[in-house]
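Please treat every number below as a calculation from the coordinates, not as lab data. Computed from a prediction, not measured in an experiment: that's the story for all the values here. Cβ: placed from backbone, ideal geometry, glycine included. Neighbour counts: every protein chain shown.
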Amino acid sequence: MKIGVFGGTFDPVHNGHINAFAETYIGLELDKVIIVPTFISPFKKKTGSTDRHRLNMLKRAVKNYDFAEIDTFELDQQTVTYTFDTLKYLKEKYPDDELYFIIGTDHFITFDKWANADKLHDLAKFVVLDRNDELYNVKAPFIKLNTNIVEVSSTLIRERLKTNTEVRHLMHEEVYGYIKEQRLYET
Ligand code: ATP
C-alpha cells in the first residue's frame, strides 16, 4: 500500500488541510492517509485549544473521508514527539508499505533543522505541496506535487475569531459549530 502521513497541530483543522491531504491522495494515487495531530506541551505558551479539542475538531472534519484515519500516537506520548519517532512507529506498524509524509512549503524550508533530518528519508518519502511551481529547489529525495492550495492558515482563523470576523467558509461546518459551542479562540 501507498500510505500518506499528514502531521500538524490542526488548531483548528481547516479547508487548506483537507484540500492538501485529499489532493495528495489523488495526485499520488495513495491507498489511504493517516493524520497525526501533534502533541503541544501544556507548558508552552498557549495561543490555541487543548489536545482534546483539536482531536475532536479533527474527527469531525475527516469523518466523511473513508480513505483518511486519525492516529493519536503523538498525543498519546504526552510529550513532544519528533517526526522521526512517529515514522519509526508507523514503519513498524506497516512494515511492507510505503509511507509518504506530506508537508507544506513552510515545513520544507526548515526541513534541514528537523531531528535526524538525514535519516528521515530512510523511513518515508517526503511530498512537498507546491503552489504555482514556486519551489525551484525541490530535488530528490523529495517529491514535489504541483497542486492547488486553499489559502488559509489556523493562525488566520484564530485571529479572526478573536475579532469576531467571519471564518465559517474556511472549515468544515461541524468544526465551525464545535468552535462556537465550546467558545474556542475567543480570547
Ligand atoms: P498555524 O497557522 O497555527 O501555524 P497551519 O494552518 O500552518 O497552522 P498546521 O497544523 O501547522 O497548520 O499544518 C499542518 C500541515 O499542513 C503542515 O505541513 C502545513 O505546511 C500544511 N498546511 C497548512 N495550511 C495549509 C494550506 N492552506 N494548504 C496546504 N497545506 C497547508
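The mean sequence distance of close C-alpha pairs (under 8 Å, at least 6 residues apart), as a share of the length of the chain, puts its relative contact order at 27 percent. One Cα centroid belongs to the range 160-187, the other to the range 45-94; the line between them spans 21 Å.
In the chain, once you exclude exposed chymotrypsin sites (Phe, Trp or Tyr not before Pro) (DSSP loop, at most 13 other Cβ within 10 angstrom), what's the longest stretch remaining?
Values: sites that count: 43, 82, 136.
That gives 83-135 as the longest site-free run.
Placing pseudo-labels 7 Å out from each Cα toward the beta carbon at residue 78 and residue 91 gives an inter-label distance of 2.8 nm.
How big is the Kirkwood radius of the range 1-73, worked out from every pair of different alpha carbons and given in Å to one decimal?
Numbers: mean 1/r = 0.0785 Å⁻¹.
By the Kirkwood definition, the hydrodynamic radius is 12.7 Å.
Go from 0 up to the bin containing the longest alpha carbon distance in the chain, width 5 Å each, and give me the % of pairs per bin. Values per bin, smallest distances first: 1, 7, 16, 20, 21, 17, 11, 5, 1, 0. Remark: 29, 173 ranked as 29, 173, counting other beta-carbon atoms within 10 Å and listing the fewest first.
With angles folded into 0 to 90 degrees, how steeply does helix 51-62 sit against the dominant principal axis of the chain? Use alpha carbons for both and round to 10. It is inclined by approximately 70 degrees. Panel order for 91, 113, by other beta carbons found within 10 Å of each beta carbon, from fewest to most: 113, 91.
For the range 1-77, the list of trypsin sites (Lys or Arg not before Pro) that fall in a loop by DSSP and count at most 15 other C-beta atoms within 10 angstrom reads 44, 45, 46, 63.
Given +1 on the Cβ of Lys and Arg, -1 on the Cβ of Asp and Glu, and no further charges, what dipole in debye does the chain carry about its Cα centre, rounded to the nearest 20?
On the way: 25 positive and 29 negative charges, 139 e Å.
Charge dipole of the chain: 660 debye, to the nearest 20.
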